[in-house]
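Here is the structure we will look at, set down as C-alpha cells.
The values are calculated or read from the model by the stated rules, or taken from the named source; none is laboratory data. This structure is a prediction, so every number in the text was calculated from the model and none was measured. Cβ coordinates were reconstructed from backbone atoms using ideal geometry, including for glycine residues, and neighbour counts include every protein chain displayed.
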Amino acid sequence: MTTPLIDARSLHVAYPQRGFRRQPIEIVHGVDFQIDAGETLGIVGESGSGKTTIGRAILGLAPVSGGSITFEGRDISHASGAQRRALAKDIQVVFQDPYSSLNPAMTIGRTLAEPLMVQGWDKAKATARVLELLDRVGLPKNAAARLPREFSGGQRQRVAIARALAPGPRLIICDEPVSGLDLSTQATVLDLFIEIQRDTGVAYMFISHDLAVIRHISHRVGVVFRGDIVEQGTCAEVTNNPQNPYTQRLLLAAPVANPQAQRARRLERQRLREEHENIYGGLAKLAERGIAKAVAHPR
Amino acid sequence: MATDEARKSVLHRLLRDPQAVITASILLATIALGLLANVLPQHGPNDVVFGNVNLPTGSPGYPFGANQLGQDIFARVLHSINTAWVSALIGASVALVVGTTFGLIGGYFTRLRSGVEWVFTVVMTLPGILLLILLMPLTGGDFRATMLIYGFLMSPGVYRIVRNQTIGVSKELYVDAAKVSGVTHTRILFRHILSVVRGPIIIATSFLTGTAIGVQAGLAFLGVGSAEIASFGGMISQGFRAINIDPMQFIWPSIFLGLITANIVLFGNALRDALEGSRPKPQKITATQTTEGFSAEVSGPADELAVLQVRDLGIAYKSPAGVLNEVVRGVNLTIRQGETIGLVGESGSGKTQTAFGILGVLPLEAKVTRGSVRIEGNECLGAPEPVLRALRGNTIAYVPQEPMSNLDPVYTIGSQLVEGIRAADGCTKPEARERAIELLGRVGIPNPQRVFKSYPHEISGGMAQRVLIAGAVASRPKILIADEPTTALDVTVQAEILDLLRELQEEMNMAIIMVTHNFGVVADICDRIAVMKQGQIVETGQIEELFANPSHEYTKMLLDSILDEDTIRTDPPVRQGANQ
C-alpha cells in the first residue's frame, strides 16, 4: 500500500490559556484520518465542532498537543519555521472569508506572486505564472494590476484559489470556501475546484457545514462533533446511510429545496427528536437516582 | 502601487484642508527661520555686549531687544528654534523606532509578548522629568543626550499603539495565508502589518514631537542643561527675572514656543482627520425620507384581507455624483394574515432594502421615490415618526440576521426584553418582567429565570436568536419580518428556529415575511415565494408551483444552481503521477 499524503493519528489540539498554571483548552480530542493524493476528504460539522481547527493543525496554525500528522511519511506535527516554509510548496489553503483573506493594500498580482517569490522564483517567471493562474481560475489578465476591493466575493475567492494553486501544491485545505458566496456563484466555484482537481491531481481537505456542498465535492467524508470524528467513510456511505445518531440528525436538519420532500424530512426529524427526548428524558430520570449517569450525558 | 495611491490621496486630502495647510506653512516657516539663525541676526546668540544690557525691542541691530547680559534676543530665539526642532527630532525618532520595533514584536510573537510588555510597563512607571534631572551628571547637561533618554521614556506610548494594531492585523486571514505560503515573519511584519499600522504611528509622531519640545523647554526653564545653548525654556526663565524691566524679554520666546507647539498639535489633528477620516456620525432612525413632491399613491384595488400591501415601492440612494440610483424598483407585495412569504434573492438584489422600507427604518441617505406601504390599510410612507413607532412596536416586528450584534452586551437579556415590552405597551416593570420570563419559556429556552439574568455573551447564538424572537413576538404582532434569521446559525439550530417560528405563527396567526437566500428554508416554512433580482420582483407564486414550474429565466437559473441533494460525487480520485 502506498503511504497516504496526510496521515493523522490520534490528533489532539489544545490552545494554551492565558494566566498562571491554567489548563490548556482541548478543541480536538484525538482524531484519525488519512488523505490520499488526488482525493477530497470532506469534513462536515457545526460551528465550534473543531473542524476548522483540524485544518489549521495541518497548516501549522494550531498547536498539536498530542498524536501526529505525517505528510508523505514525514512527521510535520511540530515542524520548525524552516520546515514549514518548505512545506508551503506542498500544502496550501483557501479560507472562508474572501474579504479578509486578501490584503486590501496589495494588488492581485502582488498577492499571487508573493508565494512564488518566497520560493525563490525570478520575477519574469513569477509574472508569467501569475497570468497563467488568473487564466486558470477564469479571471481576466488585467486583474493582476487591480486591488481586491474592485472584485466581488466570488471573484475574490477565485483569487484566493489562484494563490493556493501558485506553488503547485499536493494538498489544499479548503475552509468553508463557498459559504460566503451567493447560490449561483457557489455552484460555479465548486465546479472550478473539481475541474482543477481533475487537471492537477491536487488533494483537498474540504471543510464545510453544508452537507450538500460536501456531497458535491467529497470522495470520502468525516463527520466532526465536539472535537471528535464520529463517523467516517465514503461519501455515499456516510451521507446516504448514516450510522451515527448525530450524522442522522445533521442530515435531517438540512432543509431541501423541495416543498414535499422537505415536509417529509421535517416530520421524520421531529419524530426522531421525540424518540430521542423520550429515551434521554427517561435516562435523565434514572440518572437523578444515581443510575446510568454515563449514558445520560453522551458527548 | 496600491499604497502609493492611498498615500497620494492622503496628501491630496491634507492639501485641501485649510487647517493642515496653514499649520504646516507656519511650522515650515519656523524651521526656515531656524536654518537662517546664523545669517539673519547681526550678533551671535552668546555675544555679550555690556553697553547693550536690556535694550528695548526695535533697537537698531537688536530687533527684539537685548537681555540682561546684553545678548541679542532675536538671535537667541532663532537658535532656540533649532534647539527645539533638534530635541523633537531626537526624542520622537527614538520613541518611534523603539516603540514600533517592540510593538511589532510584542504584537506578532505571542510568546515574547509578556516579557516585552513587562519591560515597557516598568519604563512607564519611571518618573520622567525627575529621572532626566537625576541623570544630569551622565548626560553632562547636553540637551541631545537628555532627549535621547527622553525618547526611551516616551516609547511605551508608541509601543502600546503599535502592539494593539499589530494584534488586530495578525488575526486577519491574509496574514495566515501568507504564513501558509511560506512567507518569513520579517517579511510578513514589513509587507503586511507595517503598512496597516503606519497611519496611527504617523499621527502619534506628530504629538510626540510637540511633547519633546515642551519637555526640553521645561527642563531648560528649570535650569537643567548648559546655559551656552539657546533654548526657549532658558530664555523664558531669564525673561522672568527681567519682567519688571522689560516684559518683552519674556514675551518673545513665549510667542515662538507657543506658536510651534500649538501648530504641531493642530497639524496632528488635521493629519488624523486625513488618515482616519472624520468619525462617522451615529445612525439615527427618523421617519423615512422621501423625494420632493412625493405622495403615496395607490393604483388598483385594495386587498381587503391583506395585512400588508406594498405597491410600486421605489427606494433610491444618491450616488457620489448626486444622481439618485434606485435599488428597489417598483416592488409589489401583498400578504394576508397567517401567511408566510419568502422574499428570495442574491446579495444586492434589494430584498433587505425592501424589508427596511416596509419597517420604515431605512438609513438617512435612502430616499423613497415612489409607491405605497399600507399596514392594515394605513399608509406608512410619509407618516410621522410617532405613528410609525407605535406601529413598529405593536403591529410589525423584526427578527435580524445576526442575533449577537443585535443584543447590547452591557445589559442583561432580561432588562433588554423588559425595556422593549414596556416601550410597546407601557405596563409596569414587574408585569413586564413576568411577561419576559413567560416569553423566554415560550420560545423554548430551558431555564428562563437564569437566561433572564444572563448577559448576551453567556448564551449561544441559537439561544440569542430565540431571545430576539421572544422580544419580537412580545406584543403579538400582525406581521413579522425575519431578515435571514437562520443564516448565522448551524443547520440543527436552524431547523429548531424554523419550527419555533412555525409554532408561533399558528398560535398568533401572524403574517411572516422571510427574507432569505436559502431555498431550503423557503421550502420548509413559506407558503408563497417572491424572487427578487436587481430591485424588482421577477416572479411570485405558491411554492409547490414555483419550485415545480418556474417561469422566469432567473428563477430557473437560481433553482438550477441549488446543489442537488441526490447528486453525489462519483468520479474517482485522480491518482498519482497526474500532470501538474
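Odds and ends about this structure:
- Candidate set from region A:220-262 (those that are of a type in the set (V, I, T) and farther than 17 Å from B:T567 by Cα); member that is farthest from the other protein chains (Cβ to nearest Cβ): A:I229
- Filter result (part of a strand (DSSP E or B) and surrounded by fewer than 24 Cβ atoms within 10 Å (Cβ to Cβ)) within region B:479-495: B:I479, B:L480, B:D483
- With a requirement of 2 or more residues that are within 12 Å of another protein chain (Cβ to nearest Cβ), the helices (runs of 4 or more DSSP H) lying completely within region B:102-198 that satisfy it span B:110-125, B:143-170, B:173-180.
- Hits in region A:66-101 (condition: of a type in the set (A, V, I, L, M), touching a residue at least 60 places away in the same chain (Cβ under 8 Å) and within 11 Å of another protein chain (Cβ to nearest Cβ)): A:A88, A:I91, A:V93, A:V94
- Selection count, region B:550-575, where residues are among the β-branched types (V, I, T), in contact (Cβ under 8 Å) with a residue 24 or more places away in the chain and within 7 Å of chain A (Cβ to nearest Cβ): 1
- Only a single criterion out of (1) under 22 Å from the mean Cα position of the chain (by Cα); (2) more than 14 Å from chain A (Cβ to nearest Cβ) is not satisfied by B:P247, namely (1).
- Options B:V373, B:V344: the member that is touching a residue at least 60 places away in the same chain (Cβ under 8 Å), touching a Lys or Arg at 6+ places or on another chain (Cβ under 9 Å), aliphatic (A, V, I, L, M) and within 14 Å of chain A (Cβ to nearest Cβ): B:V344
- Residue satisfying all of: in region B:513-541; facing chain A (nearest Cβ under 9 Å) and outside any helix (DSSP H, G or I); farthest from the chain's Cα centre (by Cα) among these: B:C526
- Number of the condition not met by A:I173 [criteria: (1) within 10 Å of chain B (Cβ to nearest Cβ); (2) free of Cβ contacts under 8 Å to residues at least 40 places away in the same chain]: (2)
- Flag: A:N278 matches the condition of being without any contact (Cβ under 8 Å) to a residue 24 or more places away in the chain and over 26 Å from A:F33 (Cα atoms).
- Qualifying positions in region B:521-562 - among the small types (G, A, S), under 19 Å from A:A212 (Cβ atoms) and modelled with pLDDT of 90 or more: B:A523
- Scanning region A:131-170 for residues that are more than 20 Å from B:L173 (Cβ to Cβ), among the hydrophobic types (A, V, I, L, M, F, W, C) and facing chain B (nearest Cβ under 9 Å) yields a total of 1.
- If the condition is being at the interface with chain B (Cβ under 10 Å from one of its Cβ atoms), β-branched (V, I, T) and part of a helix (DSSP H, G or I), then region A:176-199 contributes A:T185, A:T188, A:I194.
- Filter result for A:S10 (in contact (Cβ under 8 Å) with a residue 24 or more places away in the chain, farther than 19 Å from A:P169 by Cβ and part of a loop (DSSP other than H, G, I, E, B)): no
- Whenever a residue of region A:39-65 is within 10 Å of another protein chain (Cβ to nearest Cβ) and among the β-branched types (V, I, T), its partners that are in a loop (DSSP other than H, G, I, E, B) and surrounded by 21 or more Cβ atoms within 10 Å (Cβ to Cβ), lying with C-beta atoms within less than 6 angstrom and at least six residues away or across chains, give the pairs A:T40/A:S218; A:T40/A:H219.
- Filtered residues of region B:372-389 (kept if assigned to a loop (DSSP other than H, G, I, E, B) and of a type in the set (A, V, I, L, M)): B:L381, B:A383
- Hits in region B:506-516 (condition: buried (at least 20 other Cβ atoms within 10 Å of the Cβ) and not hydroxyl-bearing (S, T, Y)): B:M510, B:A511, B:I512, B:I513, B:M514, B:V515
- Single unsatisfied condition, B:A227 versus (1) facing chain A (nearest Cβ under 9 Å); (2) over 26 Å from the mean Cα position of the chain (by Cα): (1)
- Failed condition for B:S80, given (1) in contact (Cβ under 8 Å) with a residue 12 or more places away in the chain; (2) touching a Lys or Arg at 6+ places or on another chain (Cβ under 9 Å): (2)
- Residues of region A:200-209 satisfying the condition of being more than 8 Å from every other protein chain (Cβ to nearest Cβ) and either part of a strand (DSSP E or B) or modelled with pLDDT under 90 (or both): A:Y204, A:M205, A:F206, A:I207, A:S208
- Residues located in region B:183-220, provided they are under 21 Å from the mean Cα position of the chain (by Cα) and either on the phi > 0 side of the Ramachandran plot or in contact (Cβ under 8 Å) with a residue 12 or more places away in the chain (or both): B:H192, B:I193, B:L194, B:S195, B:V196, B:V197, B:G199, B:P200, B:I201, B:I202, B:I203, B:A204
Each row is one residue, and each column tells you yes or no for (1) in a helix (DSSP H, G or I); (2) at negative phi; (3) surrounded by 15 or more Cβ atoms within 10 Å (Cβ to Cβ); (4) under 53 Å from the mean Cα position of the chain (by Cα).
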| position | (1), (2), (3), (4) |
| --- | --- |
| B:L14 | yes, yes, yes, yes |
| B:A20 | yes, yes, yes, yes |
| B:I26 | yes, yes, yes, yes |
| B:A29 | yes, yes, no, yes |
| B:L33 | yes, yes, yes, yes |
| B:N38 | no, yes, no, yes |
| B:H43 | no, yes, yes, no |
| B:P56 | no, yes, no, no |
